[in-house]
Amino acid sequence: MAMAGLYKRVLPSPPAVDFASSDGKQLFIEAIQNGTMEGFYKLISYFQTQSEPAYCGLASLSMVLNALAIDPGRKWKGPWRWFDESMLDCCEPLEKVKEKGISFGKLVCLAHCAGAKAQAFRTNQSSLDDFRKFVVRCSTSDDCHIISSYHRATFKQTGTGHFSPIGGYHAGRDMALILDVARFKYPPHWVPLRLLWEAMESVDEATRQCRGYMSCKHESWVKVAKYLMDDVPNLVKTDDVKDVHKVLSVVFSSLPSHFGEFIKWIAEVRRREDGGQNLSLEENGRLSLKEEVLKQVQETGLFKHVVAFLSSLTLCCRNAATLSDENNLPDIAATVCCQGAELLSGAFGSSERYCCQETCIRRLRANGDKPITLVSGTVVNGSSEQGVDVLVPSCPNKLNCCGSGPSNCNGIYPAGNDVLTALLLALPPETWRGIKDEKLLNEMYSLVSTENLPILLQEEVLHLRRQLHLLKKCQENKVDEDL
């Protein structure tokens, strides 16, 4: 007896090519041989079907976040931390998404809030050639993924606006693989890239904005954005702010309790059982880049003021741990391992107590390159314990194994000095507009100016600033007006 309802749709072909068809399989094999399917494997490992008819955006994003191995920092079900559509509710209520779907701008906001580094472009802000470059870049790498916002009608499919990740690219035929999250309706399929661009050029009637695409990478740091954007501009308006030292005092005295989570900005934390003592090329490359950023941060005039301020008082280690000369190496290493264990357990900032034992510091080399510092420790939390390795930019001073070494090694891991300086540089210039002393105002403008920064640091600072700006727009419900 026939059952009421719909069981899938027939995929209009052409223009699409069914992934499982003979032609689709041939496209797949050729794309693999040409190296443009590298992002496919992680995406397919986390491929999911949207749980609601209007959840295509949430399903696409949760799939990408899981493929990027971004830890949501909160439980899904049982003991497991995992991104699910039900957890993506910080920029739009789920009931509203369930009823009307989600806009492109709000999905970009969700990606940032979840800890991804997202670059987003509407079609009127980009070009087909630029889009193709992003597709090629993410298809030849497994550390970034693209979500496309398009209109189904261009492909002769039923329905209107839709989101899906792009799973790969065939350069010879200029076709993209759409991993359609509405798998109950259409299977994964190849489409001409030019036609996909036309499908993205359509205007979303709800926002009157063009659709577009965004690439996502793994980056999490935005939990203190609200304090930086909302509170700091008001704090510096006080009458007794007369010099840079006082400005820093006002800003740093109210840092959120989870500020220490910024260790992830520089350090690479891993469980000891996850790998041996050898550094992978990826780990070494990331650390080298971070080391150069740190070096450039420490050469700024603002950094000198931050160091002078932090060395003049003792702040809570949760807020802005300062690595001054009186910090000895074993204590620093123990702190790093405790923070790393908290991050791995998803309990950073909680009341749980972590105690680090058997701290050890080693120098590693990757493929003959310069040495990298490996801080290892056994961290105990109640009756359980875990081995933690934290990879950090190497200290210029000579280190001895198992905690012995010089007592003034300030470069052992990213201190509050480094991170606070970078964040102050990233704040919008208007943050300081409320300073009443004109001489001090000009001095602050000079200290936080990005014009004369080295290119690498300038890019990092401006990227942080863009994230702050986007989150601010999201809080004001204006994200669709200005990506």
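Normalised per residue, the accessible area of segment 1-124 is 52 Å², obtained with a 1.4 Å probe and no contribution from ligands, DNA or RNA.
Between ASP174 and ASN234, the FRET efficiency from the beta-carbon distance, with R0 = 41 Å, is close to 0.20.
Near MET175, the amide H atoms lying under 5 Å from its own belong to HIS170, LEU193; only residues 5 or more places off or on other chains count, and H is placed 1.01 Å from N. The modelled label-to-label distance for the pair LEU128/SER253, using points 7 Å beyond Cα in the direction of Cβ, is 6.0 nm. Pairs exceeding 24 Å between alpha-carbon atoms, taken from LYS100/LYS133; LYS75/LYS217; LYS117/LYS185; LYS133/LYS185; LYS156/LYS185; LYS25/LYS156: LYS100/LYS133; LYS117/LYS185; LYS133/LYS185. Seen from LYS304, the other residues with C-beta closer than 15 Å to its C-beta sum to a net charge of -3, counting Lys and Arg as +1 and Asp and Glu as -1. A simple packing score, the average count of other Cβ atoms within 10 Å per residue, orders the peptides 194-203, 427-436 as 194-203, 427-436, with the highest score first. Round to a whole number: what % of the accessible area of segment 159-205 belongs to carbon and sulfur, probe 1.4 Å? Of all accessible area on segment 159-205, carbon and sulfur atoms account for 50 percent. With a cut-off of 12 Å between beta carbons, the residues surrounding LYS98 carry a summed charge of -4, where Lys and Arg count +1 and Asp and Glu -1.
The values are calculated or read from the model by the stated rules, or taken from the named source; none is laboratory data. Everything numeric in this text was worked out from a predicted model, so none of it was measured. For neighbour counting, all protein chains shown are included, and Cβ atoms are generated from backbone atoms with ideal geometry for every residue, glycine included. Just so you know, the surface numbers come from the protein's heavy atoms only, side chains and all, with ligands and any DNA or RNA stripped out. Shrake-Rupley method; radii C 1.70, N 1.55, O 1.52, S 1.80 Å.
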